[in-house]
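Below is one structure, written out as structure tokens, with a few remarks after it.
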Amino acid sequence: MLRTWQSACLDMALNKFSSGQSHFLCLATPGAGKTIMAAEVASKLKNKGLIDLVLCFSPSLTIAGSIESTFSWRLNSSFNGGIGSVGGSYTYQNMLYMPDEFWTVLKRFRVLVVFDEIHHCSGNSAIDANAWGMEILTKIQDHAAYTLALTGTPWRSDSQPISLARYSNPEGEIQCDFVYGLSEAVNDGVCRSPKIVLVDNDNDNLKVTSDTEGSKSFNSIQELLMNESIPYSAIITNRDAMLYLLKLGSQKLSEIRTVNKSAGGLVVASSVEHAREILSLLQDEFNQSAVIVTYRNDDPVGEISRFRTSDVQWIVSVGMVSEGTDIPRLQVCCHISHVKTELYFRQVLGRILRVSNAVNQEAWLYTIAESQLSKFAERIAEDLPNENAIVNLLRDNELAVKIDESSSTKHWQSNLRATDRNAAIEIELGLSIDGVMVANQSTVLTLGTFTQRLLSAFIF
């Protein structure tokens with residue numbers, strides 16, 4: 001049975017197609033169920049005798065596999081692109097290597113083409129199109145019987161137009177045929193109500209001391225990062241900052257798992273090396289079961305699939321579980337990535353918003369209170385009813401983490417010297433991060449006790 005929004009979108013798409021228009025753009029918040037809606041559109045069009053085949057394109061193998069499964073189930077037919085199948089599911093990258101014979105199917109048959117996360121494809125002309133957008137313009141746009149585009153984040157970080165999309169003039173606002181926002185999804189019980197915790201420092205224990213410039217104090221991490229000698233990477237790869245975020249996430253996940261035994265957590269890391277260090281911290285410091293999935297895995301799609309149905313507590317990912325990946329048991333996320341775009345932030349948040357049959361439906365995201373991330377979190381709060389949005393400042397007087405005097409990371413060669421868990425933690429920073437020169441002198445970053453700013457909505 002379709003959700004109310006899916007039925008409404010289905011009817012609107014069929015009405016538009018029957019009126020002679022061939023393209024439909026659906027904006028629905030991550031986790032709302034866009035794939036099922038798209039499969040239903042395909043089913044209705046096929047039953048009406050309006051299409052012969054369906055082709056789906058998406059940004060990753062994981063998503064492509066999920067789409068294949070959903071469409072095969074709904075269309076009651078093989079959907080692997082082989083003989084006798086009603087269509088196939090491919091990645092956008094696949095489009096660049098398809099032989100000419102593949103594209104002739106669009107000229108010989110009536111084909112519905114579905115684009116998942118269409119924002120990955122840019123350009124409405126040869127001037128502004130990226131490689132995937134150009135394939136859509138030259139191979140699909142004028143040949144498909146119908147095109148259905150789906151997105152949860154209808155913009156691009158480079159501000160280029162999304163392929164096949166219409167924009168208002170002169171405002172430049174994207175014109176979606178159907179919109180289903182986060183506020184509606186939470187009210188309808190389609191998505192979980194998110195809680196975002198921004199970890200900061202708001203006391204004068206946050207200091208940077210250098211040989212040449214002496215000591216400088218900062219009132220927040222945001223203010224610290226304005227100091228050119230300290231990049232964001234220094235914070236998210238700092239052992240104690242990672243420990244603090246992982247501690248918060250692990251504690252929350254443990255609370256949820258007292259009710260939802262199979263609830264899981266996601267850590268979004270910055271690099272493969274970073275992910276491995278996080279995996280080690282989860283296992284060694286917090287006794288958490290965890291797996292890692294990166295592009296270096298022999299079978300990343302299989303690893304994600306196995307985690308989906310297991311009771312392993314955490315999955316640590318580098319760009320593999322960011323959008324479109326359906327793992328409803330995920331309820332806690334630690335965002336420790338160097339990627340700080342609003343599109344990515346919302347897509348990561350979307351991984352913990354999918355509802356399940358479990359009793360507890362909490363969704364928690366923990367991240368550093370960097371200026372851009374804080375702004376994105378505020379905008380998400382603004383998407384929800386003002387009367388239900390609250391902001392609290394919670395002070396954590398204890399940084400209860402285990403300090404390993406001999407530890408060092410591959411990102412920042414550091415010499416930790418700490419004595420008291422309530423005292424400032426000083427880290428002797430080296431000269432480079434991933435080989436990039438940062439400073440020409442010895443620099444000491446002093447992290448005081450952390451605080452948490454909680455952005456929450458729908459507190460009942």
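Taking the range 118-141, which residues are crowded, with 16+ Cβ neighbours inside 10 Å, polar (S, T, N, Q) and part of a loop (DSSP other than H, G, I, E, B)? Quick ask: steps written out before the conclusion?
Of the range 118-141, the ones crowded, with 16+ Cβ neighbours inside 10 Å are 118-124, 129-130, 132-137, 139-141.
Within this subset, residues satisfying the condition of being polar (S, T, N, Q) are 122, 124, 130, 141.
Within the range 118-141, Asn124, Asn130, Gln141 meet the criteria.
Among the residues of the range 75-92, is there at least one that is small (Gly, Ala, Ser) and closer than 24 Å to Ile162 by Cα?
Initial filter on the range 75-92 (small (Gly, Ala, Ser)): 77-78, 81-82, 84-85, 87-89.
Those left that are additionally closer than 24 Å to Ile162 by Cα: 88-89.
Among the residues of the range 75-92, at least one is small (Gly, Ala, Ser) and closer than 24 Å to Ile162 by Cα, which makes the answer yes.
Counting residues in the range 235-245 that are closer than 15 Å to Ile336 by Cβ, at pLDDT 95 or above and charged (D, E, K, R) gives zero.
Condition test on Ile221, is it assigned by TED's automatic domain parsing to the domain that holds Leu281, of a type in the set (Val, Ile, Thr), farther than 30 Å from Gly152 by Cβ and at pLDDT below 90?
Details: assigned by TED's automatic domain parsing to the domain that holds Leu281: yes; of a type in the set (Val, Ile, Thr): yes; farther than 30 Å from Gly152 by Cβ: no; at pLDDT below 90: yes.
Judged against the criteria, Ile221 is not a match.
When you look at Phe24, is it more than 22 Å from the chain's Cα centre (by Cα) and in a helix (DSSP H, G or I), yes or no? It is false that Phe24 is more than 22 Å from the chain's Cα centre (by Cα) and in a helix (DSSP H, G or I). Would you pick out the residues in the range 76-87 that are part of a loop (DSSP other than H, G, I, E, B) and either β-branched (Val, Ile, Thr) or surrounded by fewer than 20 Cβ atoms within 10 Å (Cβ to Cβ) (or both)? Within the range 76-87, Asn76, Ser77, Ser78, Gly81, Gly82, Ile83, Gly84, Ser85, Val86 qualify. Say we look at the range 183-218 and pick out the residues that are part of a loop (DSSP other than H, G, I, E, B) and at pLDDT below 80; which of these is nearest to Ile327 (Cα to Cα)? That would be Asn201.
Here is a yes/no grid of residues against (1) among the acidic types (Asp, Glu); (2) within 23 Å of Glu40 (Cα to Cα); (3) touching a strand residue (DSSP E or B) at 6+ places or on another chain (Cβ under 6 Å):
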| residue | (1), (2), (3) |
| --- | --- |
| Asn187 | no, no, no |
| Cys191 | no, yes, no |
| Thr209 | no, no, yes |
| Pro231 | no, no, no |
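Every test in (1) surrounded by fewer than 19 Cβ atoms within 10 Å (Cβ to Cβ); (2) under 21 Å from the mean Cα position of the chain (by Cα); (3) touching a residue at least 12 places away in the same chain (Cβ under 8 Å) is passed by Gly302 save one, and that test is (3). When you scan the range 66-74, do you find a residue that is buried (at least 20 other Cβ atoms within 10 Å of the Cβ), of a type outside the set (Val, Ile, Thr), without any contact (Cβ under 8 Å) to a residue 24 or more places away in the chain and touching a Ser or Thr at 6+ places or on another chain (Cβ under 9 Å), even just one? So far as the range 66-74 goes, yes, one or more of its residues are buried (at least 20 other Cβ atoms within 10 Å of the Cβ), of a type outside the set (Val, Ile, Thr), without any contact (Cβ under 8 Å) to a residue 24 or more places away in the chain and touching a Ser or Thr at 6+ places or on another chain (Cβ under 9 Å).
With the condition kept exactly as written, say whether any residue in the range 319-330 is assigned to a loop (DSSP other than H, G, I, E, B), hydrophobic (A, V, I, L, M, F, W, C), more than 12 Å from Ala275 (Cβ to Cβ) and in contact with a helix residue (DSSP H, G or I) (Cβ under 8 Å, 6 or more places away or on another chain). Yes, the conditions are met somewhere in the range 319-330.
Pairs are defined by a Cβ separation below 8 Å, a sequence spacing of at least 6 or placement on different chains, a first member in the range 207-225 that is in contact (Cβ under 8 Å) with a residue 60 or more places away in the chain, and a second member that is assigned to a strand (DSSP E or B) and exposed (fewer than 13 other Cβ atoms within 10 Å of the Cβ); the pairs so defined are Lys207/Ser215; Val208/Ser215; Thr209/Ser215. In the range 305-320, the qualifying residues are those that are within 14 Å of Val268 (Cα to Cα) and in contact with a strand residue (DSSP E or B) (Cβ under 6 Å, 6 or more places away or on another chain), and the one that is modelled with the lowest pLDDT is Met320. Just for the range 88-117: of the residues that are without any contact (Cβ under 8 Å) to a residue 40 or more places away in the chain and in a strand (DSSP E or B), which one is nearest to Thr153 (Cα to Cα)? It comes out as Thr91. Within the range 264-298, the only residue that satisfies the criterion of being surrounded by 24 or more Cβ atoms within 10 Å (Cβ to Cβ) and assigned to a loop (DSSP other than H, G, I, E, B) is Ala269.
For (1) within 28 Å of Phe17 (Cβ to Cβ); (2) of a type outside the set (A, V, I, L, M); (3) in the same structural domain as Lys34 (by TED's automatic domain parsing), each residue gets a yes or a no:
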position: Ser125; (1), (2), (3): yes, yes, yes
position: Gly133; (1), (2), (3): yes, yes, yes
position: Lys139; (1), (2), (3): yes, yes, yes
position: Pro161; (1), (2), (3): yes, yes, yes
position: Tyr167; (1), (2), (3): yes, yes, yes
position: Leu206; (1), (2), (3): no, no, no
position: Thr209; (1), (2), (3): no, yes, no
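The values are calculated or read from the model by the stated rules, or taken from the named source; none is laboratory data. Quick caveat, the model's predicted, so the values are computed rather than measured. Here Cβ is always computed from backbone atoms with ideal geometry, including for glycine, and neighbour counts include all displayed protein chains.
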